[in-house]
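All remarks here apply to the structure that follows.
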Amino acid sequence: MPERGAVRTGGTAEKPPRKGLLEKRRAIERGARTVFGQEGYTRASIDAIAAAAGVSTRTIYNHFTDKEELFRTVFLESAASVTAGLGELFGQHFQRFRTTADIESELLALAREWAEHTVQHPEHFALVRQIITEAPRMPADVIEEWQRVGPRAVRAELAEWLRTLARQGLLDIDDADVAARQFSLLVGGITLESFFGAVPVSADEAESLVVSGARAFLKLYGAS
């Protein structure tokens, strides 16, 4: 039998990375997120990432083939983490909808937590800002994969919840995919308003955006 904790690949048992190696890899990824978020993909250097991570450049190349692979790894893992967090928020709030009377209060609660979720992931949204400004110089497949595991995955999960609510008669929705996109823009609009966290938004302004977005969505799709 393989050792406990071993990973079986191609018929052979492979032990998980030793603790020291795993810690160094995590340090590299943390350093990379910081440097890529500050400098962008093009200007970021392996030397700068090594300095931020507290490791040698050789150590980085022991874990990653090149800068592109390192960027791909940290950005897509970051996007998947943010997506998973939003999925948890959707589950927490949409499962509470029992009557049409619940809709507005729960949508507002979800919208407020969505806005807070953005604030809680500053490194990820710093990377998103770099993607926006440097897109023509970045690997196209990385951007496509980010869309798949990030924004599109969020909208797809949101659409499934909206379909469920429509079937229950709690919302009046014909096309859940369109409704999910509009919900994302209206309720998650604070992300755009702050340019993904770069521009401060006051608490009053954030609350106004959240409330107006949720209520606009309800005007479009509230059950009569």
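Descriptive notes on the structure:
- Between GLN147 and ASP175, the simple label model (points 7 Å from Cα in the Cβ direction) yields a spacing of 1.8 nm.
- Highest mean packing first, where packing is the average number of other Cβ atoms within 10 Å per residue, the peptides 24-31, 142-149 line up as 24-31, 142-149.
- Region 122-224: C-alpha gyration tensor shape, a/c 1.5 cut-off, then a/b vs b/c: oblate
- Here r is the Cβ-Cβ distance between ASN62 and GLU104 and R0 is 41 Å; the resulting FRET efficiency, rounded to 0.05, is 0.15.
- Folded to 0 to 90 degrees: helix 100-119 orientation relative to the chain principal axis, Cα: 30
- Principal-axis tilt of helix 176-187 within the chain, Cα atoms, nearest 10 degrees: 80
- Rounded to the nearest 0.05, the FRET efficiency derived from the C-beta distance between ALA80 and ASP47 at R0 = 25 Å is 0.35.
- A straight line joining the Cα centroids of region 97-129 and region 18-73 runs 31 Å.
- Against the chain, whose longest principal axis comes from its Cα atoms, helix 122-134 is set at around 90 degrees.
- Spacing of the modelled spin labels on VAL119 and ARG30, each 7 Å from Cα toward Cβ, amounts to 2.4 nm.
- Summary of packing: across the peptides 200-209, 108-117, the per-residue average of other C-beta atoms within 10 Å ranks them, highest first, as 108-117, 200-209.
Throughout, read-outs are computed from the coordinates displayed, never taken from laboratory work. Computed from a predicted structure; not experimentally measured. In this analysis, Cβ positions are derived from the backbone assuming ideal geometry, glycine residues included, and neighbour counts consider all displayed protein chains.
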